[in-house]
Amino acid sequence: MKITISAPIETVPEFLAHALELENESVERYEQLADSMETHNNLEVAELFQKLAGFGDKHAQEVTEHAAGMQLPRIPPWDFKWTSGEAPENQGFDEVSYLMTPCQALRMSLHNERLGRDFYAHVADTTPTAQVRALAREFAAEEGEHVRLLEQWIDSLAECNEPPPEDMDPPNMPE
Amino acid sequence: MTATQSPLKPKAYKSSVKPVWCPGCGHFGVLSAVTKALAHLALAREEVALVSGIGCSSRLPAYTELYGFHGVHGRALAVASGLKAARPDLTVLVAGGDGDGFSIGGNHFLHACRRNMDIAYIVMDNEVYGMTKGQASPTTAPDWTHSKLTPHGTGIPSFNPAAIALASGATFIARGFSGDPGGLTRLLVEAIQHPGFAFLQVLSPCTTFRPEQKEWKKMVHPFDEDATGNPVEAAQRIVADDGMSTGLLYRTRIPVWQPANRVSMEVSELEGGFQV
């Protein structure tokens with residue numbers, strides 16, 4: 001998936017409003033997935049999603065600190081400049097399953113972190129404003145670090161080399 | 001870009017009840033869009049009522065921090081109409097699924113359209129009865145064979161919600177996609193602001209019983225033209241449409257029906273009529 005924006009982001013407050021929405025949406029989605037997995041008794045993955053929500057929350061706090069003293073624009077949900085419909089780090093969540101493994105959850109998270117990194121990099125490449133460019137590069141580097149950590153985490157899981165578990169209670173479908 | 005002033009964040013409209021929807025369900029996107037729309041409109045939680053019928057989608061009131069009524073199968077619009085008649089000051093939203101709204105509640109749907117009360121009706125359409133494990137609904141294609149009840153398909157042409165809404169007199173007809181919460185939020189905002197009955201069909205994939213609907217994200221596309229207020233044009237567009245177009249299709253304004261709510265009798269007089 002290629003990240004694009006509808007128009008360059010020109011000011012720091014506008015950029016931070018986008019970053020805050022991206023991070024908050026990601027946190028909210030991970031929390032929702034954690035609840036969902038807990039409801040479906042996949043406690044291991046529930047805990048993992050909760051942990052990922054916590055990481056996202058820390059990043060959202062960092063963005064908030066960058067925005068201290070600034071008046072961020074209130075952007076209607078449909079006017080954010082990413083063209084992906086949802087925030088860049090909120091992709092692929094329709095692929096989750098109540099049986100998903102920690103490895104699958106981490107791979108999904110890795111996919112989204114890469115999209116987040118690409119979004120910030122694209123903003124840096126397209127903005128006409130030096131301050132926005134510098135901030136976007138800083139955020140892209142941070143997301144790149146998250147990508148690296150997730151790759152290491154996935155590499156450390158032995159289950160990632162095994163096939164996904166079979167659904168022993170499949171939906172009621174005819175043969 | 002326009003500025004809005006909202007005292008509440010979208011999350012404040014969510015309740016602490018954890019959804020039992022399957023992970024990956026499209027309805028999560030609708031919940032998100034509803035909360036964003038209410039936050040964008042800066043509506044106080046106590047000024048909004050969300051009424052539903054029965055089904056997966058009808059669990060929505062439990063997941064929001066609003067006045068809620070999880071009613072009887074297919075009767076959400078009847079309950080909501082009564083509520084709006086008694087409390088016109090409330091913003092009344094109705095949510096349900098394609099089975100609840102177009103089969104069991106089909107009759108209420110027709111008359112809600114023509115009555116034109118100031119209500120926004122969200123139908124989360126996944127073309128299946130999910131809560132009862134995957135039977136064909138009114139919007140299911142006639143050749144869908146993946147149910148034990150209809151192993152050869154229903155053989156019945158599917159219900160066209162937009163066409164029925166238009167023919168029944170709805171004054172706002174739109175279609176959104178749960179995988180596009182931003183676009184869906186915009187439609188919801190417009191539906192809530194519309195004075196009259198606003199019908200919003202939301203394509204909301206059932207990832208468990210209709211996993212092929214995950215492909216909808218590649219199939220949806222915006223309507224080619226802006227909304228029309230001409231019913232003939234709207235009808236032509238509906239007939240030519242592939243069912244995957246999203247956006248506002250039709251909007252017109254006619255008087256909103258709202259009873260006067262005058263006191264016509266004292267309670268004591270009313271009680272007298274029930275003396276045995």
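Quick note: the coordinates plus some simple rules give every number you see, no bench work behind them. Here the structure is a predicted model, which is why all the values come from computation and not from measurement. Note that each Cβ is placed from the backbone with ideal geometry, even for glycine, and that neighbours are counted across all protein chains shown.
For this structure, a couple of remarks:
- Whenever a residue of the stretch B:179-193 is in contact (Cβ under 8 Å) with a residue 40 or more places away in the chain and more than 9 Å from chain A (Cβ to nearest Cβ), its partners that are assigned to a helix (DSSP H, G or I) and crowded, with 22+ Cβ neighbours inside 10 Å, lying with C-beta atoms within less than 6 angstrom and at least six residues away or across chains, give the pairs B:Leu188/B:Ala33; B:Leu188/B:Ala37.
- Residues in the stretch B:203-220 that are out of contact with any Phe, Trp or Tyr (no Cβ under 7 Å at 6 or more places or on another chain) and more than 12 Å from chain A (Cβ to nearest Cβ): B:Met219 alone.
- If you filter the stretch A:55-89 down to residues that are small (Gly, Ala, Ser) and closer than 18 Å to B:Val30 by Cα, you find that the one that is nearest to the other protein chains (Cβ to nearest Cβ) is A:Gly85.
- Qualifying positions in the stretch B:144-164 - assigned to a loop (DSSP other than H, G, I, E, B), more than 10 Å from chain A (Cβ to nearest Cβ) and in contact (Cβ under 8 Å) with a residue 12 or more places away in the chain: B:Trp144, B:Gly153, B:Thr154, B:Gly155, B:Ile156, B:Pro157, B:Ser158, B:Phe159, B:Asn160
- Residues of the stretch B:221-267 classified as on the phi < 0 side of the Ramachandran plot, touching a helix residue (DSSP H, G or I) at 6+ places or on another chain (Cβ under 9 Å) and in contact (Cβ under 8 Å) with a residue 24 or more places away in the chain, total: 20
- Of B:Leu43, B:Leu8, B:Leu66, all but one fail to be more than 10 Å from chain A (Cβ to nearest Cβ) and in contact with a Phe, Trp or Tyr (Cβ under 8 Å, 6 or more places away or on another chain); the exception is B:Leu66.
- Selection from the stretch A:97-110 of residues that are part of a helix (DSSP H, G or I), over 8 Å from the mean Cα position of the chain (by Cα) and over 23 Å from B:Leu203 (Cβ atoms): A:Pro102, A:Cys103, A:Gln104, A:Ala105, A:Leu106, A:Arg107, A:Leu110
- Taking helices (runs of 4 or more DSSP H) as the structural unit, those lying wholly within the stretch B:211-276 and holding at least 2 residues that are closer than 30 Å to B:Thr145 by Cβ correspond to B:216-219, B:231-240.
- Considering B:Gly82, B:Gly99, B:Gly26, the condition of being small (Gly, Ala, Ser) and closer than 28 Å to B:Ala260 by Cα is satisfied by B:Gly82 alone.
- Just one residue in the set A:Asp155, A:Asp125, A:Asp94 is crowded, with 20+ Cβ neighbours inside 10 Å, in a helix (DSSP H, G or I) and of a type in the set (D, E, K, R); that residue is A:Asp94.
- B:Phe69 being of a type in the set (Phe, Trp, Tyr), touching a helix residue (DSSP H, G or I) at 6+ places or on another chain (Cβ under 8 Å) and under 30 Å from A:Asn42 (Cα atoms): no
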